[in-house]
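Taken together, the values in this text are just the output of simple stated rules run on the coordinates, not laboratory data. Fair warning: this is a prediction, and the values are worked out from it, not measured in the lab. Note: ideal-geometry Cβ built from the backbone for every residue, glycine included; neighbour counts use all protein chains shown.
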Amino acid sequence: MYDSEAVGQYDDDATLPTTGPQPESSKSVRASRTSQPLRPEPMTRYDVGAVLGKGGMGEVRLARDTRIDREVAVKLMRAELRDSVNVARFFREAHVQGALEHPSVVPVHDLGIDADGTPYFVMKRLAGVTLAQVLEGSPLSRREILDRLVSVCLAVELAHQRGVIHRDLKPANIMFGDFGETYVLDWGLARVGGDGTIKHVEPMSGDLRDTLDERDSGETQAGELMGTPGYMAPEQARGVTITPAADVFSLGCILFEILAGEAALPRGIAAIAATLGADFHSPASRAPDADIPPELDQLCIAATSHLPAERPTAQAFADAIRKYLNGDRDEAARKVLASAHAATARTAMDQMPLTDANRALAMKEAGRALALDRKNADAQALLASLLVAAPDHIPAEALAAADLERAVLRQKALKQAISAYASLVPLIAILFAFHVRVPAVPLVTMLLCATVAVMAYLASRTPLSPGSPWFAALMITNSVLHTVGGLMFGPLLVMPVYLVGSLALILGVAPITFRPSLIVAAHVLPIGVALALELTGITPRTFVMAGGSIQLTSWVIDFTPMALVIALVIALASQFLTIVAGAVPARQAEELARDRAHAQAWHLKQLDPRDRSEK
């Protein structure tokens, strides 16, 4: 589809009206006159429909050619601009565009003046997107865009050989058709010179025609600038005589934008000073991380030279891109550039201490060197050394990734803890089948088990970071739970079993920043409290040593000997299952991580040229 710049119009915001000398060419196109000026007549051949786009000079509408029965685009001039000079330029645009018969120039089928006096010309209807839209975000690869740019260059070369300079080449004036076509749009600012055969048929006097030819084929009038700042050549920005090299400068700016992902020059009037102040523009210097081929970088530098004589022709520009696309490489230049990247990598490696930033720079530069010259031995050795030898300390990004992996493991452990603590609630409830002397103790224990289960659920909804307060809260609540449980069973009956199992699990998933001594203290404290309470007589004794034996009982619940054995067996079994459920996945994850580390080390060692030479 058309947009306001892709329909062959003036761009009111970006286009400031330059001109140039007349190239000497036997095939050039010259403005001449016809003795039969156009006269207004009804436009009965075309059924004009919806607006496709609007611009500074007029609008483009969809129409149907009733004679051939096909869709076309009709460009109609705006009524308020119908002075003699603008009408002359409007028709000359149609003649220039129509005379340049090339697959990448939109064909002009007809032109005239309708019954209302509105100048118009009829073109092929286009469907596609502009290069400006493609550069904003498109699935097209760089190679596909460069292939399309070759067609643009060849169309511009044809125009140059016919004595025509486009003067407003930019991404918005290049259209990519939906079926592989590429078009150069907006020939409204084209300068025509030479001895060609293009004819003016606009209804104007001979004096006005002479004035228009003089204005648009020589130097720019005072205060008048034609082109788009940011894409026009320095000589065009100065308003002096231009040559086809001005279009090549614009092509260089377009190529720069394709390669670097950003414009070579600022937008708007600020681009004028930047254009006049730069000797050339290098995309590789502007975007060092964009992986720009040196051949195309050099092409940009040559095409955007501030000296027109140093720029290639549009044909040579196209040939250079085509050679690159065909696989032709400047091997000598690539080796020199590869050596420079390898030297930068070596300098970064030699910095002491070797920081994460320097290590990353060394790897990046060594990789770039190998991309340019895969046989560069210095880059091979540097990269192999960097990849195989582990750093003295773990980089911050790697440590963050490891912390995230551990957080995921803690999340899984918390999910297992939910069922473990929740299952204790019905087990403790069974104790009420016996005679319970102090019901408050088992009830509080059940409440604490449920509380820990709920807290584990809340904490497991997202990976638990090392500094999360959930871990400390769980540790404190778990310690209180074991302390109350010690009151119910005593410090020597069931409590040691649960404390050992809890300690093993928590040590396995605790954040590395959490001190192991605090975890151990949190598990020793419940036994210490229970023993202290009994030894001081605050609570009844649950263990008695006499005659070389020890008797265990509970002052909260009246257990029969068989019930005590069953309680102990249940405690051992539940802790056994809990430890296995937590330890096995952790061990599997550890073994998998170790296997992957050795596999990666093996692959990285294959990069070391010394190892390969010894085999």
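What relative contact order, as a whole-number percentage, does the stretch 331-388 give when Cα pairs under 8 Å and 6 or more residues apart are counted? Relative contact order here is 39 percent.
Applying the Karplus relation 6.51 cos²θ - 1.76 cosθ + 1.60 with θ = phi - 60° to the stretch 159-168 yields 3J(HN,Hα) values of 4, 5, 5, 8, x, 10, 10, 5, 6, 8 Hz, where x marks Gly and Pro.
How large is ³J(HN,Hα) for each residue in the stretch 368-376, as worked out from phi by the Karplus curve 6.51 cos²θ - 1.76 cosθ + 1.60 (θ = phi - 60°), to whole Hz, x for Gly and Pro? These are the phi-based 3J(HN,Hα) values: 5, 4, 5, 5, 7, 8, 5, 9, 5 Hz. Can you give the log10 of the normalised intensity I(q)/I(0) at q = 0.14, 0.23 Å⁻¹, computed with Debye over equal Cα scatterers of the stretch 331-388? For the requested q values the scattering log ratios are -0.31, -0.76.
Remark: the His598-Ala333 segment gains 91.6 nm on full extension, using 0.36 nm per residue and subtracting the alpha carbon distance. For the stretch 101-106, 3J(HN,Hα) computed residue by residue from phi via the Karplus equation (6.51, -1.76, 1.60; θ = phi - 60°) reads 7, 8, x, 9, 10, 5 Hz, glycine and proline entered as x. Nearest 0.05, what FRET efficiency do Arg515 and Arg45 give at R0 = 60 Å with Cβ-Cβ as r? FRET efficiency, Arg515 to Arg45: 0.10. Listing Thr536, Thr241, Thr542 from fewest to most neighbouring C-beta atoms within 10 Å gives Thr536, Thr241, Thr542.
Taking amide H atoms as placed 1.01 Å from N in the peptide plane, the amide H of Leu111 lies under 5 Å from those of Val122, each 5 or more residues away in sequence or on another chain. Ordering Leu185, Leu404 from the fewest to the most neighbouring beta carbons within 10 Å gives Leu404, Leu185. Of the cross-linked pairs Lys170/Lys375; Lys75/Lys323; Lys75/Lys170; Lys323/Lys375, those separated by over 32 Å at the C-alpha level are Lys170/Lys375; Lys75/Lys323.
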